[in-house]
Amino acid sequence: MKTVYTCFTTDVIHEGHLNIIREAKKLGRVVVGALSIEESIRYNKFPILSIEDRIALYKAIPEVDDVIVQENMNYSDVFEKVHPDYIVHGDNWKSGPESTIRENVISLIKAAGMNPDETLVEIPYTYNETVKKIDRQLREKQAMPEYRRGRLRQLIDMRPVVRIMEAHSGLTGLICEKTVVESEGRLDQFDGMWVSSLCDSTDRGKPDIELVDMTSRLRTIDDILEVTTKPIILDGDTGGLAEHFVYNVRTLERVGVSAVIIEDKIGLKKNSLFGNEVVQTQDSIDNFSAKIAAGKKVSLTDDFMIIARIESLILEQGMDDALTRAFAFRDAGADAIMIHSRKKDPAEIFEFCDKFRSSDKHTPIVVVPTSFNSVTEEVLAEHGVNIVIYANQLMRAAFPVMVSTAEDILKNHRALEVDSKLMPFKDIITLIDEL
Ligand code: SPV
Ligand code: MG
């Protein structure tokens, strides 16, 4: 009896999956691999079911003889565990980012002394209206507030470091949602989105001084929520008055935002990257702790996180002040600490993280490496960082190209000269899928 292996990440079995299983059964004993939650997440398929429920779901298919957990999306653990004679997969992985995984499987088949032409069986992917509808329903479910909201905490538990990218519109949200790259035979993508006050203000042509009100911020959030499924962290500036902050916590939690980060400043807030070049005032520990506690008191779920951002290093108040505040804000109920710095050298960030971690192993640490951008996520994680936010890079990438395009059209009195630098208009009209 030959062993036939196929890998599933799905939460719902539709006729496309059943077709693959039936074809597999014709070749021998069918073993299904349930891709582990950690790997599924990395691969941008956040499962709604637990691994146990997925195993039960796959086992219930009559043609399935056994189910294992596949620990690595590139199949590196499969050959040792299962010794398959055949690998069966939908032919949809021949193009797009998944082709990386396919190539890796072909190498593994060859390394096992087998011929991929005979042992890799690719079944035409079923893509009819019913399957499309199920795919859409699954995506919609992922986007529902109750699923999306809790995903940040799940990611903190499951990812070595959670990678968050700035989004300030539906389009930049889609970039965060869909960008996938191949690295070492596996696929990588961003875990969630940061709605930056700097970028949300800049996109409106306004300075980053807490001028764009919450109603407008919620419109940006709503545009992003509409077209994405990944978790959102809102840059909540100072959080405003505690009496107002509590209402905003409730709203954000209800719409499915996962976290708000508020910074310990008071009065006219300016962007942290100005440091002491402008007048900025740090809030007192007591006042800011009371704001955090007020927010926690009204929050209705365990999912929603209030993250305290400490500006002591930005305002040159010293490491001791930063640490004292971190512990005080944690004790006031903050679910995580963000420590910010505008130095190019990450030394003060490392020092803060190491000292904080020496007495607190669990409270998540968030950093925004805009200035200290030479340090990798891996090195930050070694110092105990849990979330890395790329706070403004998409906005900074777009602006210079837009200005130079505008200048070139003005100089040439026509658009011919810029056209070769632009996305073909045929691509822009098909960029956004219709329902
Ligand atoms: C933002 O993105 O608006 C931030 C991060 O608050 S920073 O600009 O570094 O202050
Ligand atoms: Mg900000």
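Data table
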{"item": "Helices (runs of 4 or more DSSP H) contained entirely in the stretch 256-361, each with at least 3 residues that are at pLDDT below 95", "result": "none"}
{"item": "Test: residue in the stretch 40-59 that is of a type in the set (Ser, Thr, Tyr), surrounded by 17 or more Cβ atoms within 10 Å (Cβ to Cβ) and at pLDDT 95 or above", "result": "yes"}
{"item": "First in the stretch 369-387 and more than 17 Å from ASP354 (Cα to Cα), second anywhere and in a helix (DSSP H, G or I), Cβ under 8 Å, 6 or more apart", "result": "THR370/LEU273; SER371/LEU273"}
{"item": "Count - residues of the stretch 187-211 that are more than 12 Å from ligand 2 (Cβ to nearest atom), touching a residue at least 60 places away in the same chain (Cβ under 8 Å) and either part of a helix (DSSP H, G or I) or over 12 Å from TYR390 (Cα atoms) (or both)", "result": "4"}
{"item": "Some residue of the stretch 81-97 being open to solvent by 30 Å² or more (accessible area, probe 1.4 Å) and among the aromatic types (Phe, Trp, Tyr)", "result": "yes"}
{"item": "Matching option when the condition is in contact with a helix residue (DSSP H, G or I) (Cβ under 6 Å, 6 or more places away or on another chain), more than 27 Å from THR370 (Cα to Cα), more than 16 Å from ligand 1 (Cβ to nearest atom) and among the hydroxyl-bearing types (Ser, Thr, Tyr), among SER299, SER289", "result": "SER299"}
{"item": "Condition met for GLU122 (among the charged types (D, E, K, R) and part of a strand (DSSP E or B))", "result": "yes"}
{"item": "Filter result for ILE175 (outside the structural domain of ILE101 (by TED's automatic domain parsing), within 12 Å of ligand 1 (Cβ to nearest atom) and of a type in the set (Val, Ile, Thr))", "result": "no"}
{"item": "ASP354 vs. criteria in contact (Cβ under 8 Å) with a residue 24 or more places away in the chain, open to solvent by 80 Å² or more (accessible area, probe 1.4 Å), away from ligand 1 (no atom under 15 Å from the Cβ) and over 30 Å from GLU177 (Cα atoms)", "result": "no"}
{"item": "Residue check, SER272 open to solvent by less than 10 Å² (accessible area, probe 1.4 Å), in contact with a His (Cβ under 9 Å, 6 or more places away or on another chain) and within 14 Å of ligand 2 (Cβ to nearest atom)", "result": "yes"}
{"item": "Candidate set: the stretch 325-351, residues that are more than 25 Å from the chain's Cα centre (by Cα) and aromatic (Phe, Trp, Tyr); chosen: the one surrounded by the fewest Cβ atoms within 10 Å (Cβ to Cβ)", "result": "PHE327"}
{"item": "Members of the stretch 20-39 found to be open to solvent by 50 Å² or more (accessible area, probe 1.4 Å) and more than 28 Å from the chain's Cα centre (by Cα), listed by number", "result": "ARG22, GLU23, LYS25, LYS26, LEU27, ARG29"}
{"item": "Total residues in the stretch 162-186, condition part of a helix (DSSP H, G or I), charged (D, E, K, R) and open to solvent by less than 10 Å² (accessible area, probe 1.4 Å)", "result": "1"}
{"item": "Answer from VAL69, VAL78 - the residue that is within 25 Å of the chain's Cα centre (by Cα) and open to solvent by less than 60 Å² (accessible area, probe 1.4 Å)", "result": "VAL69"}
{"item": "Complete set of residues in the stretch 64-97 that are of a type in the set (Gly, Ala, Ser) and not in a strand (DSSP E or B)", "result": "SER76, SER95, GLY96"}
{"item": "Tabulated pairs, the stretch 264-291, first of a type in the set (Gly, Ala, Ser), second open to solvent by 50 Å² or more (accessible area, probe 1.4 Å) and within 15 Å of ligand 2 (Cβ to nearest atom), C-beta under 7 angstrom, 6+ apart or interchain", "result": "SER272/ARG342; GLY275/ARG342"}
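The values are calculated or read from the model by the stated rules, or taken from the named source; none is laboratory data. The shown structure was predicted, so the numbers you read here are calculated from the model rather than taken from an experiment. Virtual Cβ from ideal backbone geometry, glycine too; neighbours counted across all protein chains shown. Only protein heavy atoms, including side chains, enter the accessible area calculation; ligands, DNA and RNA are left aside. Shrake-Rupley method; radii C 1.70, N 1.55, O 1.52, S 1.80 Å.
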